[in-house]
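Nothing in this text is a laboratory measurement; each read-out follows from the coordinates by a stated rule. Please read all numbers here as calculations on a predicted model, not as lab measurements. Don't worry about glycine lacking a Cβ; one is built from the backbone with ideal geometry, like all the others, and counts go over all protein chains shown.
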Amino acid sequence: MLHIDLKDARHARRLPEHGLAEAVSLARALPRLEVAGSEVVRLGKPAPGTLFGSGKVAELKARLADAEIDLVLVDGTVSPVQQRNLEKAWGVKLLDRTGLILEIFADRARTREGVLQVELAALSYQRTRLVRAWTHLERQRGGFGFVGGPGETQIETDRRAIDEQIIKIKRQLEKVVKTRELHRAARRRVPFALVALVGYTNAGKSTLFNHMTGAEVMAKDMLFATLDPTMRGLVLPSGQKVILSDTVGFISDLPHELVAAFRATLEEVLEADLILHVRDISHPETEEQAADVGEILDELGVDEDVALIEVWNKIDCLRPETREALLVQDARRGDVQAVSALTGEGIAALLAAIEARLGAACIEETLELGHSDGRRRAWLHNAGVVVSETQGADATTLALRWTIRQKADFAAL
């Protein structure tokens with residue numbers, strides 16, 4: 001694993017050692033990979049043809065041969081020309097950060113839409129590659145054949161075949177999207193507020209989700225343990241029911257192909273009444289990770305007016321003095337909740353804060369419904385948004401307290 005330390009405005013806020021640790025964690029997220037070594041390579045200016053200078057290329061060639069390495073992972077962007085030249089010079093396969101993340105997503109995606117979206121993103125990525133394996137088109141398990149597999153070959157990519165495959169997948173996705181729209185319409189008829197968990201990968205979202213809902217979503221100390229969104233009902237202390245959604249973790253330098261492809265799976269975030277931004281507060285680069293999450297939320301088009309609570313997770317991993325100082329800061333800020341999803345500490349306070357923020361996000365309005373409009377009146381009562389109602393001769397006047405999304409869902413009935 002080679003982490004490229006290229007100091008520019010985009011990477012200035014990250015320490016290369018932490019970037020290398022994250023890259024190694026990404027590699028280990030694929031069970032069939034064994035990381036034999038890792039290091040930071042500092043570059044003043046990338047060489048157009050080989051990324052590294054000739055001396056570094058020769059040095060690495062000797063070391064790779066001595067260690068009998070089959071695959072080199074470069075934590076950075078490698079152009080098709082650079083990839084081809086390095087693979088030829090070193091006699092190994094090479095995968096950059098985008099390719100590795102695509103491999104992980106392909107290995108983990110479970111829903112039909114998730115699988116199709118990953119394939120579409122991978123094909124868009126492959127289209128720029130002149131040399132690439134094609135075993136993924138008939139694979140029986142996750143992955144695209146970049147990192148090995150039976151019958152893998154290195155042949156020139158047929159762009160026409162890729163374009164045909166892209167068209168085919170887009171048609172399949174159109175059908176899936178129609179089905180998903182039906183599901184979304186059904187959800188609109190469920191009159192509950194939507195709370196979405198977001199955060200950097202491995203921040204503990206799934207562990208928190210499981211603790212709050214009693215679900216059994218896979219939660220491991222592993223990057224991208226959760227890919228497909230999961231939704232469960234959650235009852236707040238007052239008895240109010242909400243829907244809690246667990247989503248895929250974000251990461252710095254997320255391939256732009258995946259930002260576009262996974263926008264649909266993050267629609268729960270776009271429609272949320274409240275966002276819980278889960279942070280691993282014990283991570284040395286928690287602030288940088290939070291900034292990355294904020295940038296991706298902006299790219300996704302999340303409304304700035306949506307209520308948000310920062311959930312500072314993993315306080316059980318902090319030193320006692322750091323933990324105490326953090327809890328004091330937590331008490332002073334209404335938009336922060338310090339918790340341990342593992343031990344359950346702070347969860348009760350978080351639930352109370354969710355209830356309070358949902359209440360603060362509500363608007364008060366008056367609505368008149370005809371006496372024959374019993375279905376919509378029942379929806380309002382089931383949603384718990386009716387403060388009071390007055391029966392008139394021709395209509396019922398209802399005083400409502402609801403969120404913007406609940407109002408929109410009611411209008412769509």
- Sequence of LYS314, LYS88 once ranked by neighbouring C-beta atoms within 10 Å, starting from the fewest: LYS88, LYS314
- Fewest-first ranking of ILE101, ILE347, using other Cβ atoms within 10 Å as the exposure measure: ILE347, ILE101
- Note on the structure: With 0.36 nm assigned to each residue of separation and the Cα-Cα distance removed, ALA349 to ARG401 gains 16.4 nm
- Message: I want to check the label-to-label distance for LEU327 and HIS371. Put each point 7 Å from Cα in the C-beta direction and report it in nm to one decimal.
- Response: 5.9
- Zone of ALA360's modelled label, taken as backbone nitrogen in segment 277-300 under 19 Å from a point 7 Å along Cα→Cβ: 277-279
- Taking just the C-alpha trace of segment 278-390, give me its Rg and Dmax in Å. 19.5, 63
- Using the 10 angstrom Cβ neighbour count as an exposure proxy, how do GLU34, GLU119, GLU365, GLU285 rank, fewest first? GLU34, GLU365, GLU285, GLU119
- So between GLU389 and GLU87, what do we pick up on full extension, going 0.36 nm a residue minus the alpha carbon distance? 101.5 nm
- How many nm separate the modelled label positions at ALA412 and ARG319, each set 7 Å beyond the Cα in the direction of the Cβ? 5.0
